[in-house]
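Okay, structure first, notes after.
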Amino acid sequence: MENNEYLDVFLDESNEHIQTLNDQLLVLEKEPKDLQPVDEIFRSAHTLKGMAATMGFQDLANLTHQMENVLDAVKNEQISINSTIIDTVFQAVDQLDEMVMDISDGGEGTADVSHLVEQLRAIEQNQELDEEKSNKEEKTKTDSQSSSIFQEVDSYEKTVLKQSEESGYSNYEVQVTLQENCLLKAARVYMIFEVLEQVGEVIKSEPPVQDLEEENFEFHFQVLLVTKESAEEVKQRIFKVSEVESVQVTPFNLGDDQSNTASDDAAIQAESKDDKEREPKKKDKQNNNKPSSKKGTANKTIRVNIDKLDGLMNLFEEMVIDRGRLEQISADLKNPELQDTVERMSRISGDLQDIILNMRMVSVEQVFNRFPRMVRQLSKDLGKQINLEIIGAETELDRTVIDEIGDPLVHLIRNALDHGIESPQVRKEKGKSEEGHLLLKAYHSGNHVFIEISDDGAGINRDKVISKAVANQVITEEEANHLTDKQVYQLIMSSGFSTADQISDVSGRGVGMDVVKNTIESLGGTITIESEEGQGSLFSIQLPLTLSIISALLVEVENEKYAIPLSSIIETAVIKKSDILNAHDQQVIDFRGKVVPLLSLKKVLDVPVNEEKDEEFYSVVIIRKGDKMAGVIVDTFIGQQEVVLKSLGDYLGGVFAISGATILGDGQVALIVDTNALIS
């Protein structure tokens, strides 16, 4: 394909337009009388059609064109929105999405869209039949008027056109068609306007200037031009601009004076009183009708392959390790010039680090955006009423995590809708609202991001889970008697496990949950389940930010160094041994009026003890996970440092409370503590 160099841009922009179509259709469905979403839908469909035609994806262009016809009729209030139209347009958008995905996978984006095209055409033709009678009644009046699209001009424009005729100027309607392979339509339009304003004054354009600037038109547009040049001269000048297919220049008939209303006549008289007052207005009008060559509000962006960002991150990680080594050498030598240079390098590399990390961060909104549309369709398929609430869509995650987390969330949401939330009738019998509530929430906590999917449905039946687990030989009956509720709920993550009585086309709570668990764990995350039968369930996913470089507090236990992520630390403290209390066989302290459990890092990690000490004071790091806190006892605080997070690999990846390792400036290896695991 000749346009291979533009394929990535086409795919990115197509996905953005399809997302806009889905979002705005959902808005329109809720408020069918509000036509503002229709403008957004029409604009996205129109642009998508032009892009597809330019790239040679004809099936995609044909379907979008017919969809655009229906939307145009809705926009002009010729068709009233109803559920049939919404459903049909949604089906068309789904088909467009499949075709774009096919192109992304290397296909040609071809599909049999004839059925959908016919459905859309039938909607449009019904509207045409409804209007046929009124069109006939208006025929005589219409025939007496000019066929120009500029038949309706406002009082100011009438004034300018009328006075230009009286002054010996000609009024022309100029119709320009660009070549279909023109990729920079806005630039060509700007060049054509430059030519037109060299020979006269542009009074009006169709589409409006803003749409021309944003390329919200196909390949043709019209302008009203006042000039002393001949029609042929205007035509030849426009043809000097490249990628112009055709030009038509015809005299514009303003119509009979009788068509002017009394207010129009008054406007003409007012304008005629003082020509000097009219000139600035003409100038303003001219400026407003000329497309700008540069948009002041446009965002300057560049698309970068994620592999290049990965390479940049890997190089910077090595630089951070060397930076730590330099800082260590500088501290040992105490050379003032070396210390100044190292400090400056540290500041600059710190700024560079922030930029690199921010470049990789993407809001989870990119994933969450697909769910309102999905929930709507599943609700209709299942005959349920669902209210989807999304909180924290602006929460940011590393791009690599964003790319992988979508499918697990789809599994969890489908399960919640199918076997979590009851039907309206069952909910009513239970004294609940007929409309079920599904909450999708994302938030930061320490060095992790948590994504929660909760519903107010039936919850998980403990006995049913145990019965299925024993039947599937996942556990024995003896083991089942000693399991806590949380351990029972975790059983549904077992391979092939399902609590559904029958297989559903949508899902079964548990079907595919082993895939969900494996995917999340492969990202270094965990998933936990909480449920109360009859009240609902909560699935909580904990994910690392996957920031390779983190700020950490270095501590020492015996002769070994550990790094505790700074984002998980509330503060450090030194406490007396006498201040330590015991509650339920657990050491605790009173920290600012709260009872906080104490953990010895030495005991948790089974660090070899060289010599038993009876210490009077303990160094404690207060850490948190959400609302939960804990105090971690260490031997010594070393200080804060930027460290590079390195994976321990598959063999050591399952070590409790350790999320990775780092290389310090003196070459030693320090293990990075997983504070969330300690608190859990």
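The values are calculated or read from the model by the stated rules, or taken from the named source; none is laboratory data. Keep in mind that what you see is a predicted model, and the values were worked out from it rather than measured. Every residue, glycine as well, gets a Cβ built from its backbone with ideal geometry; the counts of neighbours run over all protein chains shown.
Residue-by-condition table, conditions (1) closer than 19 Å to Leu412 by Cα; (2) basic (Lys, Arg); (3) at pLDDT below 85; (4) surrounded by fewer than 20 Cβ atoms within 10 Å (Cβ to Cβ):
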site: Gly457; (1), (2), (3), (4): yes, no, no, no
site: Asp463; (1), (2), (3), (4): no, no, no, yes
site: Lys468; (1), (2), (3), (4): no, yes, no, yes
site: Val474; (1), (2), (3), (4): no, no, yes, yes
site: His482; (1), (2), (3), (4): no, no, yes, yes
site: Asp485; (1), (2), (3), (4): no, no, no, yes
site: Ser494; (1), (2), (3), (4): yes, no, yes, yes
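Residues that are surrounded by 14 or more Cβ atoms within 10 Å (Cβ to Cβ), touching a Phe, Trp or Tyr at 6+ places or on another chain (Cβ under 8 Å) and not charged (D, E, K, R) number at least 2 in the following helices (runs of 4 or more DSSP H) confined to segment 292-411: 336-360. Test each condition in (1) in contact with a strand residue (DSSP E or B) (Cβ under 8 Å, 6 or more places away or on another chain); (2) closer than 16 Å to Gly459 by Cβ; (3) hydrophobic (A, V, I, L, M, F, W, C) for Val426 and report the one that comes out false. For Val426, the failing item is (1). For segment 557-578, a residue qualifies if it is surrounded by 12 or more Cβ atoms within 10 Å (Cβ to Cβ) and part of a helix (DSSP H, G or I), and the qualifying residues are Leu566, Ser567, Ser568.
Do we have any residue at all in segment 648-657 that's surrounded by fewer than 17 Cβ atoms within 10 Å (Cβ to Cβ), in a loop (DSSP other than H, G, I, E, B), among the small types (Gly, Ala, Ser) and on the phi > 0 side of the Ramachandran plot? Walk me through it before giving the result.
Kept after step one, since they are surrounded by fewer than 17 Cβ atoms within 10 Å (Cβ to Cβ), are these residues of segment 648-657: 648-656.
Okay, now just the ones that are also in a loop (DSSP other than H, G, I, E, B), so 648, 653-656.
Still in the list and also among the small types (Gly, Ala, Ser): 653-654.
Imposing the further condition that a residue be on the phi > 0 side of the Ramachandran plot reduces the set to none.
So far as segment 648-657 goes, no, none of its residues is surrounded by fewer than 17 Cβ atoms within 10 Å (Cβ to Cβ), in a loop (DSSP other than H, G, I, E, B), among the small types (Gly, Ala, Ser) and on the phi > 0 side of the Ramachandran plot.
Can we say Ser454 is more than 26 Å from the chain's Cα centre (by Cα), among the hydroxyl-bearing types (Ser, Thr, Tyr) and either farther than 30 Å from Val643 by Cβ or in a loop (DSSP other than H, G, I, E, B) (or both)? So Ser454 does not fit the description; no. Looking across Lys235, Lys185, Lys162, Lys204, one residue alone is modelled with pLDDT of 80 or more, buried (at least 17 other Cβ atoms within 10 Å of the Cβ), closer than 23 Å to Met55 by Cα and basic (Lys, Arg). It is Lys185.
Only residues that are part of a strand (DSSP E or B) and modelled with pLDDT under 90: list them for segment 601-628, please. The answer is Arg624, Lys625, Lys628.
Would you please name the residue that is modelled with the highest pLDDT, looking only at residues in segment 658-680 that are touching a strand residue (DSSP E or B) at 6+ places or on another chain (Cβ under 7 Å), in a loop (DSSP other than H, G, I, E, B) and over 19 Å from Ile527 (Cβ atoms)? Before the answer, list the steps.
Here is the first cut: in segment 658-680, the ones touching a strand residue (DSSP E or B) at 6+ places or on another chain (Cβ under 7 Å) are 658-664, 668-676, 678-679.
Now narrow it down to the ones that are in a loop (DSSP other than H, G, I, E, B): 664, 668, 674.
After this cut, where a residue has to be over 19 Å from Ile527 (Cβ atoms) as well, the list is 664, 668.
On the way: Leu664: 80, Gln668: 83.
Top of the filtered list is Gln668.
Checking the conditions here, which among Val226, Val195 is at pLDDT 85 or above, outside any helix (DSSP H, G or I) and more than 25 Å from Asp39 (Cα to Cα)? Exactly one of Val226, Val195 is at pLDDT 85 or above, outside any helix (DSSP H, G or I) and more than 25 Å from Asp39 (Cα to Cα), namely Val226. Is it true that some residue in segment 53-62 is among the aromatic types (Phe, Trp, Tyr), in a loop (DSSP other than H, G, I, E, B) and either at pLDDT 85 or above or out of contact with any His (no Cβ under 9 Å at 6 or more places or on another chain) (or both)? Yes, segment 53-62 contains a residue that is among the aromatic types (Phe, Trp, Tyr), in a loop (DSSP other than H, G, I, E, B) and either at pLDDT 85 or above or out of contact with any His (no Cβ under 9 Å at 6 or more places or on another chain) (or both).
Residue by residue, here is whether (1) in contact (Cβ under 8 Å) with a residue 60 or more places away in the chain; (2) over 25 Å from Leu357 (Cβ atoms); (3) over 37 Å from the mean Cα position of the chain (by Cα) holds:
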| residue | (1), (2), (3) |
| --- | --- |
| Glu612 | no, yes, yes |
| Glu615 | no, yes, yes |
| Gly631 | no, yes, yes |
| Val634 | yes, yes, yes |
| Gly639 | yes, no, yes |
| Val643 | yes, no, no |
| Gly649 | no, no, no |
| Val655 | no, yes, no |
| Thr662 | yes, no, no |
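Being part of a helix (DSSP H, G or I) and more than 26 Å from Pro207 (Cα to Cα) is true of Asp97.
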